[in-house]
Amino acid sequence: MSDHLLEVKDLRTTFRTVAGAVPAVGGVSFDLGSNETLGIVGESGSGKTVLARTIMGLQPRTNVEVTGSVLLNGHEVVGASERVMRSMWATEVAMVFQDPMTSLNPVMRIGRQIDETLRVRLGMDRRAAHARALELLTMVGIPSAASRYRAYPTELSGGMRQRVVIATALACSPKLLIADEPTTGLDVTIQAQILNLLDTLKQQFSMSVILITHDLGVVATRATRIIVMYAGQIAEMGDTRDIFYHHRMPYTRALLESSPKVSNASHTRLAVIAGRPPNLSTMPPGCAFAPRCAYATEQCHVERPTLREAAQPGHRFACWNPLPDSSEGTRP
Amino acid sequence: MTDLLDEQAGFEPLAERRLGPLFWICVGWLTLNVLAALLTNVLPLVNPLYQNYNVINAGPSLHHLFGTDDLGRDILSRVVFGSRVSLAVGSGAMIIGFGIGMPLGMLAAYRRGRLDAMLTAVMYVLLAFPAIIAVIAVISFWTPRTLLKLIIVIGLASVSLVYRVIRSATLSVATKDFVTAAKVQGSTDRRILLRELLPNIAPIAVSFLLIGVATVVTLEGALAFLGLSVNPPTPSWGNMINESRTVMAQNPWLVIFPSLALCLFLLCLNFIGDRLRSYFDVTEVKL
Amino acid sequence: MLKYVLRRLVTLVGIVFVISVGSFYLIHLLPGDPATVILGTGASPANRAILYKQLGLNKPIIEQYFVWIVNVLHGNLGTSFISQTSVASTIRAAYPIDLELIVLSQLLAFAGAIPLAMRSARKPNGLIDRVLSAGSFTLLSIPPFIIIVVLVLVVSIKLGISNTGPSSFVPLTTDWRVNLASMALPSITLATASFVLYFRVLRSDLIATLQEEFITMARSKGLSQRRIMWRHAFRPSSVALLGTAGVNIGGLLAGGFVVQYLLGIPGLGYTLISAIASSDYLLVQGIVLVVSVGVVLINFLFDFLTSLVDPRISRD
Amino acid sequence: MTDERQPLLKVRDLTVNFTKGTHVVSAVADVSFDVYEGETLGLVGESGCGKSTTGKALMKIVEPTSGTVELDGVDITHQRGRALRHARTRMQMVFQDPISSLNPRRRVRGIVAEPLDAWKTVRGDERARLVDDLLNQVGIDPDVYGERYARQFSGGQCQRISIARALAMRPQLLICDEVVSALDVSVQAQILNLLEDLKAEYGLTLLFIAHDLAVVKNISDRVAVMYLGRICEIGPSDVLYQAPAHPYTKFLLGAALDADPDSVGTGAVLEGEPPSPLNPPSGCRFRSRCPFATERCAAEVPLAHEVAPGHQVACHFPFIAQ
């Protein structure tokens, strides 16, 4: 057994639809150590959410095919039955969902939603579960937890709801926490609070975190490593600073340059990625990004690039015509 | 925010955006029903009231495809003529219901404010009134009973239901940004109601209309059973079944054919309504 | 919560008022002089006088209503001039049968619909779901009066159980075995219609609920399938079920009347039909009033149950 | 940088209250600002701060409770009927949700032509040419997509069509309400650039409402920051972002994340959540979360005052740059 908490090997998730097979995740491999924060960045349809759910073993069981391997703390997730997964969920791996409005049961008091997990999974009695739930609510920064315990989700603000979701996810002290766009619907000031909270809790619970987002700003200062996804595949992965300062894949650069920055001057013209992401059910044979890439050559349209090593350790990219490595650290 | 939706679009196999052959079979059957009811005078049918004592309680034969009843009347002819009552009540009542309920519902949902509050309060009270009891009560007091009165009473009783469905359907569209955009561009209210709102609520209205017709036809059948619909000897599906249930053991055809006609008719209406709803991706409207 | 219930009670009173006005006005729908229509042309002057007093017919219409409503509030719905018995006592004798019929049929319908809908929703478009959906769809298109005709054919004729009529009806309190035996057929008939409706509503709502994110979240907490179904999915979905049930029970009446009429069960439906047939207008009026108020009360009860299930409703 | 020009849009003491049962929600309170011809004013704030309501009140989609809105010197606050409909065509709005902005049962050409048809300004060939020109300008090929239904388009394309529709009547002012917040980064950049291009071409004036500070900074000449229905601070965007004078602006900027691991935020995180507009704090509405608040902040509503030319702040104790 390796010392990795999570090992993902050639993971493929394919949905069977009327329109044909949709390879939402098309051969993804990476691993994750203990106490690490991995950022997974991608636009809509890049497969990041499906990837997260596949790692959790949470994808629906019909009309989907998963191949490859996900080793979570030594346990294989791919092909595991719901019964096996049930024993891993909450205790080994837990998830914070994107929209706290829809991820909490609207007709259950929030306290019940937390202590339910404690009672079912850890066999706590009513009183102990109640006490622990209050403790968790306080830990995630909910003021006057005792009265909020009896509140329904609709009575809380978005930020508070997300704190409840986090408390629920942490109830059984998982070793891995997957946060799928945990701050997307939230205001910037609340987003900062939630991200700081996640950082604190990560230390406190000594767990690993996978932070999934479309916003490079969210992972820039929070993640130790970053995976950039495009059309269900890894476009580039590496240490955070390598991705930001030594990226080789044109898509990574385009993503960085097209996002507006607070430090830009007014009327800064943004770099634009022409076109749209490909339709997954009719993927081009070559590099998925080739149709939109300014550097694409004949080869890019014909042959799909595999991940190759860059100069920095652990830094890999999938590109036939990579950008030169500007090791001096010129910023985009 | 859109991320999850976009990705999940691939999760479920997309609902088939086809109406399917069964849908068209149902449409065909209904069309046949309507045509037969309209063309009774042209069709080579025996007078449904003509009593031929030579063939009493006969089973299906070449002369009488559906057989005859205890008075020697031709069942096929009576079933076809009976459908006229069902169709008249079903369509007539729904014309009244939609004629009043639909414009009011659309207007209330689009205008909001006081008009909406007032109308909705009135309709709320009417809705709480058990419509069936109201219909039975009015029909039994408002003598003599005629088909027209039946249609008017059922039609008026359905107004509040139609209003509620149309209002909530309109409301879900009227709050969309494209309606605001149209307002902002200076489109008149009339234009907005007809061009932006109507096309979007039409699928809901049509499928509700079909189910409404089915409900009214069932109700007419029940009323006929209770002797509150058209008076015999005028045939209607309901009173045909009712009249012959006592002789059912001797001549089951008497019950089977009108029942079959009624059930098939309802089945087609329900099926078409159901398919249309899923075709236009209308979430289940509470009836 | 209390505020919500109070607000609903106020509307309830308003609705009952409108119903009372409607029922009162029914008499005036009769063509010509109500007294003549009700009593017939050959009525004795004494009877006419009694009726005029009872209905306050010689007073202005608003006053007539007050005379009538005061009588009604005192439990006096008038005396039938056909049977010479008090309308209120006739109703009192009949309504428990309707209640029993509703309770029995609803219990049967829920007992069938809930587990089957859950089974169906677990695998939408699976074999079980397809069979159940197609079956429920077919049943949807068969009116209760046809079901009862068929059931009567099968049960009474083939099995030799004969329809004994209202005179031999045995109330629940007298002999529950005999009572239940005679109630089985009507209950099953009414239950079928309700079952179809409940199954379809609950199934589609459960399918939608099971796709919600909070169900995925519940799964990711490692809860059992059973717990997720009952604790997390059924409760939100039961809102739609209760709403439908409330409306349905009102709609069930017409079917219930036919069933009672056909099987000779002397409930309010049977009494109403006989009253209409014999032009016993005061009895019809009384039954209309009582049944309408009853339906409104049942609706109110279901609304209240819904607000208990879904806390969001009472807060709006 | 005080403008000598007449403002195109002049908003004074705009207030919007909603009644919710027996309660009054103070959504927008005494908001005043000018938008000058040819400039882009960014209106930024967190959800529920009233920025969208302000935009809608300008168009009278939401009825203002009090205050005045002048467009090109004409008070439109009390206009009704045809006059109002006409005034609205001179300012147009693009909405946040690209999908719900377009009628799913109409074809693209019909959608863009709707304002032309409603006013019957142009007909026939000229109308068809104008519609195709507009579509071309926003980057939608009318020959390929013109007869398609709106539901067949992605979010970015829908937003392009919305923009084309808004420009059909050649408005002077375009109000963009969170137009890019539902879009992916790469599409967002396309739309932002498109807006800049169209602005130059049509000589448009823009009121750009958004919650994303970086987006607002990139497109605006001046920026106004809103908190709980009031404007805290308004000034040239470079000045405001570099030297925010209002504590709220400072915290807001501190929380904004640049996609840069070396970016140094202020580190200070604003605690708590915005209070309910049902019952806003007395005096300065930010005081309940402001670490610098004093008794004066509770007693007195801070009025906007100039701290530098064109830079106004509504705070009793603003940070003033040296």
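The values are calculated or read from the model by the stated rules, or taken from the named source; none is laboratory data. Since this is a predicted model, take the numbers as computed values, not measurements. Every residue, glycine as well, gets a Cβ built from its backbone with ideal geometry; the counts of neighbours run over all protein chains shown. Just so you know, the surface numbers come from the protein's heavy atoms only, side chains and all, with ligands and any DNA or RNA stripped out. Shrake-Rupley method; radii C 1.70, N 1.55, O 1.52, S 1.80 Å.
Some points to look at:
- Across the cross-link table entries D:LYS217/D:LYS250; B:LYS183/D:LYS56; D:LYS51/D:LYS217; D:LYS60/D:LYS217; B:LYS176/D:LYS199, which are compared at the Cα atoms, the separations over 19 Å belong to D:LYS60/D:LYS217; B:LYS176/D:LYS199.
- Distant-in-sequence amide H partners of A:GLY47 (H built 1.01 Å from N, under 5 Å): A:GLY232
- Percent RCO, i.e. relative contact order, over chain C, from Cα pairs under 8 Å lying at least 6 residues apart: 26
- Alpha carbon centroid spacing (whole Å) that separates the range A:184-252 from the range D:1-59: 36
- Taking Cα atoms only, the orientation of helix D:108-119 departs from the longest principal axis of chain D by about 80 degrees.
- The Cα center of the range B:130-155 and the Cα center of the range D:155-177 differ in position by 54 Å.
- Accessible surface buried at the B:D interface totals approximately 2000 Å², computed with a 1.4 Å probe on protein heavy atoms.
- Tilt relative to chain D, helix D:81-90 - C-alpha long axis, 0 to 90 degrees, to 10: 90
- Sorting the segments D:36-49, D:110-123 by their residues' average number of neighbouring beta-carbon atoms within 10 angstrom, most packed first, yields D:36-49, D:110-123.
- Once the partner protein chains are put back, the range C:271-292 shows a loss of at least 30 square angstrom of accessible area, versus the chain by itself, at C:ILE273, C:ILE276, C:TYR281, C:VAL288, C:SER292 (probe 1.4 Å, ligands and nucleic acids excluded).
- Using only Cα coordinates, the Kirkwood hydrodynamic radius of chain D works out to 20.8 Å.
- Computed over chain B with a Gaussian network model linking Cα atoms closer than 10 Å, the most mobile of B:GLN51, B:GLN250, B:GLN185 is B:GLN185.
- Mean partner shielding of peptide A:8-16, defined as the number of other chain Cβ atoms within 10 Å of each residue Cβ, is 1.
- Candidates B:ILE272, B:ILE211, B:ILE56, ranked by Gaussian network fluctuation over chain B, Cα under 10 Å, top entry: B:ILE56
- Only Cα pairs under 8 Å and 6+ residues apart enter the sum, and on that basis the relative contact order of the range A:158-303 stands at 14 percent.
- The modelled label-to-label distance for the pair D:SER66/B:ARG112, using points 7 Å beyond Cα in the direction of Cβ, is 2.3 nm.
- Solvent-accessible area assigned to carbon and sulfur over the range A:40-160 amounts to 50 percent, based on a 1.4 Å probe.
- Charge dipole magnitude, Cβ of K and R +1, D and E -1 - the protein assembly as shown, Cα centre, debye nearest 20: 3180
- Extension gain, A:ASN35 back to A:LEU122 (0.36 nm per residue minus Cα-Cα distance, nm): 29.0 nm
- Peptide B:218-231 has a mean of 5 when you count, residue by residue, the C-beta atoms of other protein chains within 10 Å of its C-beta.
- Accessible surface, chain D, averaged per residue in Å² (probe 1.4 Å): 40
- For the range B:14-167, a crude dipole built from +1 on the beta carbon of Lys and Arg and -1 on the beta carbon of Asp and Glu, taken about the Cα centre, is about 680 debye to the nearest 20.
- Relative contact order, whole percent, for the range B:172-287 stands at 27, derived from Cα pairs under 8 Å and 6 or more residues apart.
- Solvent-accessible area of chain C (1.4 angstrom probe, protein heavy atoms only): carbon and sulfur portion equals 68 percent.
- For the range C:219-225, the Karplus equation 6.51 cos²θ - 1.76 cosθ + 1.60, evaluated at θ = phi - 60°, returns couplings of 4, 5, 8, x, 7, 6, 3 Hz by residue, with Gly and Pro reported as x.
- At a threshold of 50 Å², the residues of the range A:189-207 that become less accessible to a 1.4 Å probe in the full protein assembly than in their chain on its own are A:THR189, A:GLN193.
- Per-residue ³J(HN,Hα) for the range C:63-75, Karplus 6.51 cos²θ - 1.76 cosθ + 1.60, θ = phi - 60°, Hz, x for Gly and Pro: 5, 3, 4, 5, 4, 5, 5, 4, 4, 4, 5, 8, x
- Evaluated with a Cβ-only charge set (Lys, Arg +1; Asp, Glu -1), the range D:110-237 carries a dipole of roughly 320 debye about its Cα centre, given to the nearest 20.
- Each listed q (0.04, 0.08, 0.09 Å⁻¹) maps to a log10 I(q)/I(0) for the protein assembly as shown, found by the Debye formula over equal Cα scatterers with no solvent: -0.29, -1.05, -1.24.
- Positive-pole candidate from B:MET123, B:LEU262, B:TYR50, dipole of chain B, charges at beta carbon: B:MET123
- Surface composition of the range D:78-177: carbon plus sulfur atoms hold 44% of the accessible area, using a 1.4 angstrom probe and ignoring ligands, DNA and RNA.
- Computed from label points 7 Å out along Cα-Cβ, the spacing between C:LEU139 and A:LYS9 is 5.2 nm.
- In sequence order, calculated HN-Hα J values of the range C:261-277 (Karplus, 6.51, -1.76, 1.60; Hz; x Gly/Pro): 4, 6, 9, x, 9, x, x, 5, x, 4, 4, 4, 5, 5, 4, 5, 4
- Excluding ligands, DNA and RNA, the accessible surface per residue across the range C:1-83 is 56 Å² with a 1.4 Å probe.
- log10 of Debye I(q)/I(0), alpha-carbon scatterers only, for the range A:194-308 at 0.10, 0.16, 0.17 Å⁻¹: -0.38, -0.87, -0.95
- Considering only B:ILE201, B:GLY20, B:GLY273, and ranking their Cα positions along the charge dipole of chain B that arises from unit charges at the beta-carbon of Lys, Arg, Asp and Glu, the one farthest toward the positive end is B:ILE201.
- Under the Debye formula (equal points on every Cα, no solvent term), log10 I(q)/I(0) of the range D:238-292 at q = 0.13, 0.18, 0.24 Å⁻¹: -0.40, -0.70, -1.02
- Hydrophobic, long helices, defined as DSSP H runs whose alpha-carbon span along the helix axis is 27 Å or greater and whose mean Kyte-Doolittle value is at least 0.5, occur in chain B at B:20-38, B:75-111, B:147-174, B:198-225, B:253-279.
- Inter-chain Cβ neighbour average for residues D:39-49, partner chain, 10 Å: 2
- Placing unit charges on each Cβ (+1 for Lys and Arg, -1 for Asp and Glu) gives chain C a dipole about its Cα centre, and among C:SER187, C:LEU73, C:LEU26 the Cα reaching farthest toward its positive end belongs to C:SER187.
- Whole-number accessible area per residue in Å² for the range B:20-128, which is evaluated in the context of all protein chains at 1.4 Å: 53
- Area hidden from solvent between B and C (accessible, protein heavy atoms only, 1.4 Å, total, Å²): 3700
- 5 angstrom amide H check on D:VAL94, placed H, neighbours 5+ away: D:ILE175, D:CYS176, D:ASP177
- Inter-centroid distance (Cα atoms) of the range A:274-311 relative to the range C:212-273, Å: 54
- By the beta carbon rule, with partners counted only under 4.7 Å, chain B holds these lone Cys residues: B:CYS263.
- In this simple spin-label model, placing a label point 7 Å from the Cα along the Cα-to-Cβ direction at both D:ARG82 and B:LEU194 gives a separation of 1.8 nm.
- Proximal aspartates and glutamates to A:LYS202, defined as alpha-carbon separation beneath 12 angstrom and excluding residues fewer than eight positions away on the same chain: A:GLU36
- Taking only the alpha carbons of chain B, we obtain Rg and Dmax values of 22.7, 77 Å in that order.
- Its Cα gyration tensor gives the range D:17-145 an equivalent ellipsoid; the semi-axes, largest first and in whole Å, are 32, 18, 16.
- Beta bridges per DSSP, both residues in the protein assembly as shown: antiparallel share near 60 percent.
- On association of chains C and A, roughly 2500 Å² of accessible area becomes buried (total for both chains; probe 1.4 Å).
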